[in-house]
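Worksheet: one structure, shown below.
Just so it is clear, none of the values below were taken in a lab; they were calculated from the coordinates. What you see is a predicted model; the values in this text were computed from it and never measured. Methodologically, a virtual Cβ is constructed for each residue, glycine included, from the backbone with ideal geometry; neighbour enumeration extends over all protein chains shown.
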Amino acid sequence: MEQRPERIGRKLIHNGAIVDIYQDRMQLPDGSEENFDFIKHKGAAAVIPVMDDGRIIMVRQYRNAIDQYTLEIPAGGLDGADEPTRVAAHRELEEETGYCAKMEDVEFLLSLYTTVAFCNEKIDIYVARNLTKTAQHLDDDEFIDVEVYTLDELTGLVLDGKIVDAKTIAGLMAYRAKFN
C-alpha cells in the first residue's frame, strides 16, 4: 500500500458564515512539501419533494458563484454541527417550497461530498412524500420561485445540461434508479 500524504500544518485564512478557508501544509509520499487549499463546511441537507401525483417540487434561484439562475432540489446548511440532517431537510422543505411533510414521511436517499478535491461539504439527500401546502418561510437573502416537474421532464433537463447543480443531479438520478 502506498504511503499517504501527511498534514503537517493548517492555517486559517478566512473564517466565514458558511465556510472556513484553510491552507494546509502537506508532506507528500516522496518527502516533498506542498500547500493545499481546504474549505471546511458545516454540512447540509437536501430533499426531493414528491407530490401525490408523482411530480417533483423544485426551486429556482440565483446563484452568485456561477452568476446564473439554477433549478435545484430544496437544500440548506445545517443550523449547527449537531443538527440531524433529516431535521434540516424537513425544515428546508417548508422554508423553500411552502410544503411540509410529517417527519416519518421524510426518507433518507443518499449522502454525497460535493467537491472532494478541496472541500469537505457533505450533503444528505432525502425524499419527502405526503406533502401538505403551507407557506414559504424564506431567509432575508432568499428569492426563490417554486416549480413542479415530472421526473421524466427533470431527467431531460439533466441530460440537456439545463440542470447543472451536482446535488440535484445526483439526487434525481438516485431517486429515478431507486423508485422508478
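See the values below:
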| read-out | value |
| --- | --- |
| Placed amide H near ILE163: partners under 5 Å, 5+ positions off or other chain | VAL158 |
| Karplus 3J(HN,Hα) series, Hz, for the stretch 65-75 with 6.51 cos²θ - 1.76 cosθ + 1.60 (x for Gly, Pro) | 4, 10, 6, 7, 7, 10, 9, 9, 6, x, 7 |
| Amide hydrogen neighbours beyond the local backbone of ASN120, cut-off 5 Å, H modeled | ILE39, HIS41 |
| Fewest-first ranking of GLU72, GLU95, GLU104, using other Cβ atoms within 10 Å as the exposure measure | GLU104, GLU95, GLU72 |
| Charge dipole (debye, nearest 20) of the stretch 42-179; +1 at Cβ of Lys and Arg, -1 at Cβ of Asp and Glu | 480 debye |
| Per-residue HN-Hα couplings for the stretch 134-146 [Karplus 6.51, -1.76, 1.60; θ = phi - 60°; Hz; x = Gly/Pro] | 10, 8, 5, 10, 6, 5, 4, 9, 9, 10, 10, 9, 9 |
| Crossing angle, helix 166-179 versus the chain [Cα axis fit, 0-90 degrees, rounded to tens] | 60 degrees |
| Rounded FRET efficiency, nearest 0.05, which uses the C-beta distance separating GLU6 from VAL148 and R0 of 45 Å | 0.35 |
| Amide H within-cut-off set for TYR126, under 5 Å, with H built and near neighbours excluded | ALA46, VAL47, ILE48, LEU109 |
| When the stretch 42-179 is reduced to its Cα atoms, the Kirkwood hydrodynamic radius in Å | 14.9 Å |
| Positive dipole terminus of the chain, leading residue within VAL50, VAL146, GLN23 (C-beta point charges) | GLN23 |
